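Everything below concerns the one structure shown next.
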Amino acid sequence: MSSQNIYILAIESSCDDTAAAVMLNGKILSNIVASQKIHEEYGGVVPELASRAHQQNIVPVVDQALKKANIDKLQLSAIAFTRGPGLMGSLLVGTSFAKSLAYGLQIPLIDVNHMQAHILAHFIEEADFKKPPFPFLAMTISGGHTQIVKVSSYFDMDVIGETIDDAVGEAFDKSGKILGLGYPAGPEIDKRAKLGNPKAFQFTKPKVEGLNFSFSGLKTAILYFIQKEVKANPNFIEAHLNDICASIQYTIIGILMDKLKLAVKETGITHIAIGGGVSANSGIREALKKGEQKFGWTTYIPKFEYTTDNAAMIAIVGHLKFLEGDYAEQSVMASARLKI
Ligand code: KG4
Ligand code: ZN
């Protein structure tokens, strides 16, 4: 019986969250994330501080994941870890830890691509969650990524569109910084957008070829707009904060939806899955639901804890690769710019 049980310990440390999860046969037993508060005061992730915090967090986080799953490390079938993409210093902590643990336990080591993991998070075994059928389109939207991926099977993925500058989460966070909001600003902009008029202010959408995105122009447009208005009325931000947030969010969602519609048109695929921290945004969720009614899409949004950076999504990729016997060598190295 125990030989049929596949226990995966997964480790994620690509950016500013130290995470570990234990999975049994595709189901999550524990999913621990230690977020690093230290970056808040800097208004963004400071790479050097992130890797130091990972070093402090990794042992307690893994320990907690094993305890919560109520298993001993000797029961583990394999160790999966995020090889990239991400911040090199951060990736190195998880990679070295995973390598030494797998070596010590003499069990397989499995390298995982963080972007594939955001997509395959949809395949974690969960009651009440429908899995997308192949082929489907995946839109990964977070503080570090903005991609549209055509997913033909677990490991056959094509990036058909991506940002040429900032990620969509950065568009939220940098706009928030201009408005004096805390970091990360996405959740607060979302909250305030619900109370404001999305058409109060207009920001032009960038013109980018094909399925690619650009968000840096929007940030500059917002900055100039605010500077101009504040010059005329020093209380402009406070007086119109909800309307400004609603208008920014409306513009960002418009950019995402335009490209998604184009991707559906070009591929003929109407099953759409989203992932990444920005998929928590209530406006995006609403826009996807509208797409279901208006265009006949079927949309898939995973549980919130599987959309932001987490190790459960690394575990499911580890599980799927374990089934295929697709293991890494001890000589495997972290790769900051790993591609899908
Ligand atoms: O996936 P994630 O936790 O980490 C990265 O890989 O970046 O995503 C974090 C990003 C931040 O930019 C944050 O502002 C954004 O997700 N975010 C949101 C919302 N919740 C988180 N953006 C818009 N609306 C939200 N409700
Ligand atoms: Zn991520």
- By the DSSP-based rule, helices of the chain that are at least 27 Å long along the axis (C-alpha) and have a mean Kyte score of at least 0.0 are 236-267
- Query: Taking Cα centroids, how far is segment 170-226 from segment 105-159 in Å?
  - Reply: 27
- Cα-Cα over 24 Å, subset of K27/K68; K73/K303; K73/K321: K73/K303
- Message: Longer than 20 Å from Cα to Cα, which of K289/K339; K207/K228; K130/K289 are they? Say none if no pair is.
- Response: K289/K339; K207/K228
- Message: Can you tell me what share of the DSSP beta bridges in the chain is antiparallel? A percent to the nearest 5 is fine.
- Response: 60
- Task: Tell me which residues come under 5 Å, amide H to amide H, from D165 once H is placed; ignore anything under 5 positions away on its chain.
- Result: F215
- Of D111, D173, D63, which is the most mobile in a GNM of the chain whose springs link Cα atoms less than 10 angstrom apart? D63
- Query: Considering the alpha-carbon set of the chain alone, what are its Rg and its Dmax in angstrom?
  - Reply: 20.6, 73
- What residues qualify as long-range amide H neighbours of H271, i.e. H under 5 Å apart, gap of 5 or more or another chain, H built at 1.01 Å from N? L137, T298
- To the nearest Å, what is the center-to-center distance of segment 259-276 and segment 1-62, using C-alpha atoms only? 30
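All of the numbers you see were taken from the coordinates with simple rules; none came from a lab. Bear in mind that the values here come from a model prediction, so they are computed numbers and not experimental data.
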